[in-house]
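Visitor: Pasting in a structure now, in structure tokens, and then I'll have a few things to ask.
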Amino acid sequence: MTTRDERTQAAGGAITGFVHAQINVSDLERSIEFYEKLGFEVISKGIIKDPQIFASLGLAAGRLAGAFLRIPGRSTKVTPMLDMIQFLDPLPIGSPYPSLNHLGINRLCFQVDDIEAAKEALVARGVEMVGPVAEIVTKPKGMRSKVLCFRDPDGTVLEYAQVGVQH
């Protein structure tokens, strides 16, 4: 078993937090509206065309519209943010993974207090469900949770989890 210091040294530095997850979208304004209805708030928004940013992404140049969103009332120092990007140049290509057994990041999960109420709100807005609410038990401690997967306007799979469900 390696120690934290050994892992940190092997990795070239310690991970001290989770900053953001990025979602490529086809229509930034439509996606912002959708995610605001899930409870997120926009903390910054703008057009990005800095060549250094595109170079860091492996692109020669480009232009994109982007927005950072967070859960209201939470500090960005302790709560990961959503980073939504609409590529304007080059234009977006492809589509989200058609199934969850595709390699790569396949969904983002958000915690909710009442999964049934959250599902009702999604259904009332016509949001596409991936499947029904499921109860899961995590091992070895046997903690029960309920989960629900659904799609955003571009088809990206999102998940709600009600953690620590009592019987």
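Read-outs: derived from the displayed coordinates by stated rules, not from any lab. Note that the coordinates shown come from a computational prediction; the quantities given were computed from them, not determined experimentally. Cβ sites come from the backbone with ideal geometry, for glycine too, and all protein chains shown count toward neighbours.
Visitor: Quick one: P(r) of the range 15-63 from all Cα-Cα pairs, 5 Å bins, percents rounded to integers, in order of increasing distance.
Guide: In order of increasing distance, the bins hold 5, 15, 18, 24, 18, 15, 5, 0 percent.
Visitor: Let me make sure I get this right: for the range 63-128, a, b and c are the square roots of the gyration tensor eigenvalues over alpha carbons, sorted descending. Under 1.5 in a/c it's rounded, otherwise prolate if a/b > b/c, else oblate. Which is it?
Guide: Numbers: a/c = 1.80, a/b = 1.23, b/c = 1.47.
Verdict is oblate for the range 63-128.
Visitor: By how many nm would the segment from K49 to E33 lengthen if fully extended, with 0.36 nm per residue of separation less the alpha-carbon distance? List each step's numbers first, then the result.
Guide: Details: separation 16, 0.36 × 16 = 5.76 nm, distance 2.36 nm.
So the extension gain works out to 3.4 nm.
Visitor: Add -39500 (n - 2.57) for each DSSP H run of 4 or more in the chain, then divide by its residues: what number comes out at 222 nm, to the nearest 500 deg cm²/dmol?
Guide: Working: 4 runs with 34 residues, N = 167.
So the calculated ellipticity at 222 nm is -5500 deg cm²/dmol.
Visitor: I need the trypsin sites (Lys or Arg not before Pro) found in the range 130-167, filtered to DSSP loop residues with at most 11 other beta carbons within 10 Å of theirs.
Guide: Working: sites: K141, R144, K146, R151; in loops: K141.
Here the sparse-neighbourhood loop sites are K141.
Visitor: With a cut-off of at most 12 other beta carbons within 10 Å, and DSSP calling the residue loop, which trypsin sites (Lys or Arg not before Pro) in the range 93-140 qualify? Please list them. Please report the intermediate quantities before stating the final value.
Guide: Working: sites: R107, K119, R125; in loops: R107, R125.
For trypsin sites (Lys or Arg not before Pro) across the range 93-140 that sit outside H, G, I, E and B with at most 12 neighbouring Cβ atoms in 10 Å, the list reads R125.
Visitor: Pop the C-beta distance of H20 and A134 into the FRET formula with R0 = 25 Å and round what comes out to the nearest 0.05. Numbers along the way, then the final one.
Guide: Values: r = 27 Å, r/R0 = 1.10.
Efficiency computed from Cβ-Cβ geometry: 0.35.
Visitor: Let me ask something else about it. Rounded to two decimals, what is the ratio between the C-alpha radius of gyration of the chain and 2.2 N^0.38 Å? Don't skip to the answer; put the middle values down first.
Guide: Numbers: Rg = 18.2 Å, N = 167, 2.2 N^0.38 = 15.4 Å.
Against the empirical 2.2 N^0.38 Å value, I get 1.19 for the chain.
Visitor: Sticking with this structure for a sec: Counting only Cα atoms, I'd like the Rg/Rh figure for the range 100-167, Kirkwood definition for Rh. Could the numbers behind the result be given before it?
Guide: Details: Rg = 12.5 Å, Rh = 12.7 Å.
So for the range 100-167, dividing Rg by the Kirkwood Rh gives 0.99.
Visitor: Fewest first, what order do D154, D113, D27 take by the number of other Cβ atoms within 10 Å?
Guide: So the ranking, lowest neighbour count to highest, is D113, D27, D154.
Visitor: Among F87, Q22, G62, which residue has its Cα positioned farthest towards the positive end of the charge dipole of the range 18-92, with +1 placed on the Cβ of Lys and Arg, -1 on the Cβ of Asp and Glu, and the dipole taken about the Cα centre?
Guide: It is Q22.
Visitor: Where a Cα-Cα gap under 27 Å defines reach, which lysines qualify for K45, not counting those fewer than 8 residues away within the same chain?
Guide: K37, K77
Visitor: Here's something else I'd like to know. What whole-number distance in Å separates the alpha-carbon centres of the range 55-123 and the range 15-40?
Guide: Answer, in whole Å: 4.
Visitor: Could you size up the charge dipole of the chain around its Cα centre, putting +1 on the beta carbon of Lys and Arg and -1 on that of Asp and Glu, and report it in debye to the nearest 20? Intermediate values should be presented prior to the final figure.
Guide: Details: 18 positive and 19 negative charges, 89 e Å.
In total the dipole reaches around 420 debye.
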